[in-house]
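Asker: Next up is a structure, given as structure tokens.
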Amino acid sequence: MLKLKILIPKISKQRSDSFWYSGTIATIGTYELIASGDIRITFLDDGSSGKNGWAVHDAYNRGYKDKDLIESAGKIGWQNNNWFEVVCTHGECVLGDVAYDYDEAIQLLKQYFKENIFGCAKLGFHRRKKNVGALQCKGK
């Protein structure tokens, strides 16, 4: 049986928003949970702005947590935010749903694996003949 492999652990209960994460978070079988999208913000107290890792680093250094992101009026000007999504290995196929919370995203990954491993044809998967147990997206 394939097992969930966590590549980037949850930082803390107070930092579970996708904002704090980047890259591949976890895998199971041929499915990957990734943090996707660009972050672009402006800190309204001093007018500094940045994107992606810089924005996360600066928010962390300011002591921000998820509640600060949610209650950001007067603190943060949002231009873009990122999200979690499940894709096929190698990013060949995006499966559709997104999540913004780490735990919800892990559950989404498990759900896709559980529900689509045998009913995968509906999502454009096929079994490779060389490795009958492996699934991958059809090239289009």
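Asker: Taking H placed 1.01 Å from N in the peptide plane, check which residues at least 5 places from Arg40 or on another chain put their amide H under 5 Å from its amide H.
Answerer: Asn52, Gln79, Asn80, Asn81
Asker: Going by average Cβ neighbours within 10 Å, how do the peptides 45-52, 24-31 rank, with the highest at the top?
Answerer: Numbers: 45-52: 12.4, 24-31: 20.4.
Ranked by mean Cβ neighbours within 10 Å, highest first: 24-31, 45-52.
Asker: Pulled fully out, how much extra length does the chain show between Lys110 and Ile11, if you take 0.36 nm times their separation in residues and subtract their Cα-Cα distance?
Answerer: Taking 0.36 nm per residue and subtracting the Cα distance, the gain is 33.7 nm.
Asker: Of Arg15, Arg62, how do they rank once you tally other Cβ atoms within 10 Å and put the fewest first? Before the final figure, lay out each step's value.
Answerer: Working: Arg15 18, Arg62 13.
Sorted ascending by nearby Cβ count, the order is Arg62, Arg15.
Asker: Same structure, new question: Fewest to most neighbouring Cβ within 10 Å: what's the order for Trp78, Trp83, Trp20?
Answerer: Trp78, Trp83, Trp20
Asker: May I ask which of Lys5/Lys110; Lys3/Lys65; Lys65/Lys110; Lys5/Lys114; Lys10/Lys67; Lys10/Lys75 have a Cα-Cα span longer than 19 Å here?
Answerer: Pairs exceeding the cut-off: Lys3/Lys65; Lys65/Lys110; Lys10/Lys75.
Asker: Using modelled backbone amide H atoms (1.01 Å from N, in-plane), which distant-in-sequence or interchain residues come within less than 5 Å of Ser16's amide H?
Answerer: Placed amide hydrogens put Asp66 under 5 Å from Ser16.
Asker: Which FRET efficiency, nearest 0.05, do Asn61 and Lys3 yield, Cβ-Cβ r, R0 41 Å? Present the calculation step by step, with values, prior to reporting the outcome.
Answerer: Values: r = 35 Å, r/R0 = 0.86.
With a Förster radius of 41 Å, E is 0.70.
Asker: Within a Cβ distance under 14 Å of Ile6, other residues only, what is the Lys/Arg minus Asp/Glu net charge? Kindly include the intermediate steps, with their values, before the conclusion.
Answerer: Values: positive: Lys3, Lys5, Lys10, Lys110; negative: Glu32, Asp103.
Result for the local shell: +2.
Asker: Near Gln111, within a Cβ-to-Cβ distance under 12 Å, what is the net charge of the other residues, with Lys and Arg +1 and Asp and Glu -1?
Answerer: -1
We did not get these values from a lab; they are worked out from the coordinates using the rules stated. Remember, predicted model here, so these are calculated numbers, not experimental data. For neighbour counting, all protein chains shown are included, and Cβ atoms are generated from backbone atoms with ideal geometry for every residue, glycine included.
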